[in-house]
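Here's the structure, in structure tokens; my notes come after.
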Amino acid sequence: MTIDVNQVKQVEATYVLQVYRRIPVVLVRGEGSRVYDADGKEYIDLLSGIGVASLGHAHPVLADAIAAQAHELLHTSNLFFHPLQGQVASALASLSGLTRTFFTNSGTEAVEACLKFARRYWFKNGSPSRTELIALDRSFHGRTFGSLSVTSEASYRKPFEPLVPGVTFVSPDDPESLHRAVSGRTAAIIVEPIQGEGGIWPLSPAMADVIRTVCADTGTLLIADEIQCGLGRTGRPFHSATLDLRPDLMPLGKSLGGGVPVGAALMTERVAEAIAFGDHGSTYGGNLLACRAALVFLDALQAGLIDRVNTAGARLEAGLRTLAERYTAIREIRGAGLMWGLDVDKTVAEVIVGAALDQGLIINRTADTVIRLLPPLTISNDDIDAGLTRLDRAIETVTAGTT
Ligand code: PLP
């Protein structure tokens, strides 16, 4: 099928709400860690649709499972049982230790559910005034009202205020400020074990220590937002475990469906006991299509994908460290597994992303100065090496003469 690229852009500019500043490329096809645009140009995809295409593109097992499910039954609503929700929830329970799952269609809805469940927990347990939340500077938890209220970025928040009240932000670099922020009204602390949109900032062990202490001393619930960093991305099922954090609630999304929109709010039995029939719901959440996709992903995760992430992650990290030695424009690299950020000068960040695109490489910029890499968890050594070569060329073009 021939695609008229200009027409695609024009129709979209006319009818689609203009909230995304799109990269001027029309992607039409993918295979593994590679995608192709309408002109047939090939790109190595080191972003995987912002950490979503966890099994790569057009994964044959996922594609077959989705097609088979479509031929059987796609949706029943949550009025009925179907065979797959329990299977996904039990796989998530054995990976996380969190024994109950509420299914959503996106990350922000999973966060939203966790915030509601934290409130519900204290309402049920005789402390209805424990309604407040503590979140971190540089956080990103989504765009709905609740999740936006715990997202720190002022430009996202300002046009929509007033948001949900009672949120205090503390600096992730000042663990003691968390002690001071917790009060008898605090319901929960919400953190990303590695902050994603904020610029790939792993939570420090010192901060994790204080979170652990504060939660143990005050009963404050911990919500670990693993939407971007969880589900194998950092070489463990969940990055909170790496930090020895034991969350009460955990929103998931992105990787879980491998591209089929599915999210989940995981919780302990203690939290689940506070939630009653009718307290929350979703028409689509956990439908057969979503669950079938999630099962394919979770099967892969349990069948060696995490080992592969560790091997691939070490290779990628070594390559990035070599680049950091070569180019003074790279000030720092941060991350784990297959989640990396290169902190570069603000003046070159976006230019490098553009130069990479010219080289046939998809990466993106977040938090002004950070070039972010979230490749498919299945990425091959060859694609890592080819991606690093293209990144090297892109940085060289941009910084030639300045390093
Ligand atoms: N939480 C984190 C840590 C995220 O990275 C994101 C998305 O980037 C979200 C929540 C929101 O997820 P979604 O865009 O699926 O609503």
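The values are calculated or read from the model by the stated rules, or taken from the named source; none is laboratory data. Treat the numbers as computed from the prediction; the structure is a model and nothing was measured. Please note: Cβ atoms are built from the backbone with ideal geometry, for glycine as well, and neighbour counts cover all protein chains shown.
General observations
- Counting only helices (runs of 4 or more DSSP H) wholly contained in the stretch 41-115, the ones carrying 1 or more residues that are without any contact (Cβ under 8 Å) to a residue 12 or more places away in the chain occupy 60-72, 85-96.
- Scan the stretch 120-168 for residues that are in contact (Cβ under 8 Å) with a residue 12 or more places away in the chain and either within 16 Å of the ligand (Cβ to nearest atom) or in a strand (DSSP E or B) (or both) and the total you get is 28.
- The stretch 221-239, subset more than 14 Å from MET339 (Cα to Cα) and within 12 Å of the ligand (Cβ to nearest atom), residue nearest to the chain's Cα centre (by Cα): ASP225
- Residue selected from the stretch 240-263 under the condition part of a strand (DSSP E or B) and near the ligand (Cβ under 10 Å from one of its atoms), by the criterion nearest to LEU288 (Cα to Cα): GLY263
- Of all residues making up the stretch 269-290, the number that are within 16 Å of the ligand (Cβ to nearest atom) and in a loop (DSSP other than H, G, I, E, B): 4
- Check on LEU266, assigned to a loop (DSSP other than H, G, I, E, B), buried (at least 24 other Cβ atoms within 10 Å of the Cβ), within 16 Å of the ligand (Cβ to nearest atom) and modelled with pLDDT of 95 or more: no
- Across the stretch 124-163, the number of residues qualifying as touching a strand residue (DSSP E or B) at 6+ places or on another chain (Cβ under 9 Å) and either loosely packed, with under 15 Cβ neighbours inside 10 Å or at pLDDT below 95 (or both) comes to 1.
- Per-region count, the stretch 180-200, residues in contact (Cβ under 8 Å) with a residue 60 or more places away in the chain and more than 13 Å from the chain's Cα centre (by Cα): 3
- Lone qualifier among SER33, SER54, SER48 - being at positive phi, in contact with a Pro (Cβ under 9 Å, 6 or more places away or on another chain) and outside the structural domain of ARG292 (by TED's automatic domain parsing): SER48
- Residue match in the stretch 72-92 (condition: within 20 Å of the chain's Cα centre (by Cα), farther than 30 Å from LEU320 by Cβ and within 16 Å of the ligand (Cβ to nearest atom)): no
- Given (1) touching a Gly at 6+ places or on another chain (Cβ under 9 Å); (2) within 30 Å of PHE103 (Cα to Cα); (3) charged (D, E, K, R), number of the condition ASP299 does not satisfy: (1)
- Among the residues here, GLN18 does not qualify as farther than 22 Å from ALA265 by Cβ and not in a loop (DSSP other than H, G, I, E, B).
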